[in-house]
Amino acid sequence: MDGRPVLVCTEFEDATADLVIAELNRRRVPVLRFDPGRDFPAHVLLAAHLGADGWGGRLTVGDRTADLSAVRALYHRRPSPYPTGSGEQAARFAAQENRRGLGGVLGALPGCLYLSHPQAIARAEYKPAQLSAALRTGLTVPPTLITNDPGEAKAFCAAQPTIYKPLHAGAYEIEGEPAGIWAAPVEAGEIDAAVSRSGHLFQAQVPKVADVRAVVVGEQVFGARITAPPGVVDWRAEYQNLTYERVSCPEEIGGALVRFLATFGLKFGAFDFAVTADGTWWFLECNPNGQWAWLEGAAGLPITLAIADLLENGASQHE
């Protein structure tokens, strides 16, 4: 039996990671789960040595130890961010050393398959890079403007039905409570000087009849058609009112998605498309570390098995 471990880096409560870990356990694949930003250095012991073949040594979490030179794969699921440090200078210095020490070693393991490499994920999170990569790989992209010029924004919105969407799905709070910022229609008359305060992404509104989320694991593509109530622009704001149906991605779309991932060095991506009545699939965005577990049951997609295949064997055979 292959005793090389899979490292799973994720937060303490992650039901999605739990599915994959349970499948790896069923296959008797050794797993070491931890949250680098939260557990190191108090609960994780690192002793990494640089040799002719790269980094070796050991990583110990509780009563489990991994040989760093023999890590089979690393699943970078949803770890907590490394703390930036606060207070006195020594604490701030230690926080940065932790991130660059443990994080640097985990990102440079010899022969390790990354799903996906954290630096690749970070690069792919920039929407301007996503949109240009989508065009280069053969996907259809709506006309898009990124600007802080109110005049440019007003002219763009006057030219066609337009939506605004945030450039980053980061934390936003209203009265201390987390709040999502969803894609929403915007008209030229709504544009004012506030646009000048930051970059804004405006995009031509696609007259869609349905949405599709395509989850790509390695070179396997899984598609789910998502139908929202009439008039809903962003289905993520209406989870309780959605219906799902498994769909096959057109061959040319699937090939473009695999090429898209290769552009960024990714092994996983959750892609969102708007589908129009003529059958055109319009690329909207890719979440390089997106959610997928709820789709598995809703649309009958074997994503857990595909991810476990990739982590265990370096390839997925489930379709």
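Read-outs throughout are calculated quantities, based only on the coordinates presented, and are distinct from any laboratory measurement. Since the structure is predicted, the reported quantities are computational estimates derived from the model, not experimental observations. With ideal geometry, Cβ positions are generated from the backbone for all residues, glycine too; neighbour counts draw on all protein chains shown.
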(request) Return one number: the angle in degrees, 0 to 90 and rounded to the nearest 10, between the long axis of the Cα atoms of helix 89-106 and the longest principal axis of the Cα atoms of the chain. (result) 90
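Charges only on Cβ, +1 for Lys and Arg, -1 for Asp and Glu: so what's the dipole of the chain about the Cα centre, in debye to the nearest 20?
Numbers: 27 positive and 36 negative charges, 164 e Å.
Dipole magnitude for the chain comes out near 780 debye.
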(request) Rank the residues Thr304, Thr280 as a footprinting-exposure proxy: fewest other Cβ atoms within 10 Å of their Cβ go first. (result) Thr280, Thr304
(request) Springs between alpha-carbon atoms under 10 Å, Gaussian network over the chain: tell me which of Ala90, Ala70, Ala169 tops the mean-square fluctuations. (result) Ala90
(request) List Trp182, Trp235 from most exposed to least, where exposure is judged by having the fewest other Cβ atoms within 10 Å. (result) Trp182, Trp235
(request) Compute the long axis of helix 150-159 from its Cα atoms, compare it with the longest principal axis of the Cα atoms of the chain, and write down the angle in degrees, 0 to 90, nearest 10. (result) 60
(message) Testing the spin-label approximation: label points 7 Å from Cα along Cα→Cβ at Thr276 and Glu11. State their distance in nm.
(response) 3.8
(message) Using C-alpha positions alone, give me the convex hull volume of the range 76-133 per residue in cubic angstrom.
(response) 104
(request) Could you go through the range 253-266 in sequence order and give the Karplus-derived ³J(HN,Hα) for each residue, using 6.51 cos²θ - 1.76 cosθ + 1.60 with θ = phi - 60°, rounded to whole Hz, and x for Gly and Pro? (result) 5, x, x, 5, 5, 5, 5, 4, 4, 5, 4, 9, x, 9
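Take the Cα gyration tensor of the range 86-241, multiply each eigenvalue by 5, square-root it, and list the three semi-axes largest first, rounded to whole angstrom.
Calculated on Cα positions only, the semi-axes equal 33, 24, 17 Å.
Please go through the range 9-113 and write out the GluC sites (Glu not before Pro) that DSSP classes as loop and that have at most 15 other C-beta atoms within 10 Å.
Glu11, Glu13, Glu88
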(message) Rounding to the nearest 10 and keeping the result within 0 to 90°, find how far the Cα-based axis of helix 127-136 lies from the longest principal axis of the chain.
(response) 80
(message) Beyond 36 Å, how much of the Cα-Cα pair distribution for the chain remains, as a whole percent?
(response) 26
(request) For the range 6-115, would you read off the P(r) tail past 22 Å as a percentage of all alpha carbon pairs? (result) 32
(message) Given the options Ala22, Leu113, Phe222, identify the residue whose Cα lies farthest towards the positive end of the charge dipole of the chain (+1 on Cβ of Lys, Arg; -1 on Cβ of Asp, Glu).
(response) Leu113
(request) List every residue whose amide H lies under 5 Å from the amide H of Ser80, counting only residues 5 or more places away in sequence or on a different chain, with H placed 1.01 Å from N in the peptide plane. (result) Glu11, Gly37, Arg38
(request) Report, ordered by chain and residue number, the aspartates and glutamates lying within cross-link reach of Lys165, taken as a straight Cα distance under 19 Å and ignoring same-chain residues fewer than 8 apart. (result) Glu125, Asp149, Glu152, Glu173, Glu187, Glu190, Asp192, Asp211, Asp234, Glu238, Asp272, Glu285
(request) Fewest Cβ neighbours within 10 Å first, please rank Tyr126, Tyr75, Tyr244 accordingly. (result) Tyr126, Tyr244, Tyr75
(request) Please find the FRET efficiency linking Ala298 to Tyr126, where r is the Cβ-Cβ separation and R0 is fixed at 25 Å, and quote it to the nearest 0.05. (result) 0.25
(request) With both partners inside the chain, how many of the DSSP beta bridges are antiparallel, as a percent to the nearest 5? (result) 80
(request) Name the long-range amide H neighbours of Glu285: under 5 Å, sequence gap of 5 or more, or other chain; modelled H, no Pro or chain starts. (result) Asp272
(request) For Ala237 and Ala188, compute 0.36 nm times the residue count separating them, minus their Cα-Cα distance, and round to one decimal in nm. (result) 15.3 nm
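So what's the net charge close to Asp35: Lys and Arg +1, Asp and Glu -1, counting the other residues with Cβ under 11 Å from its Cβ?
0
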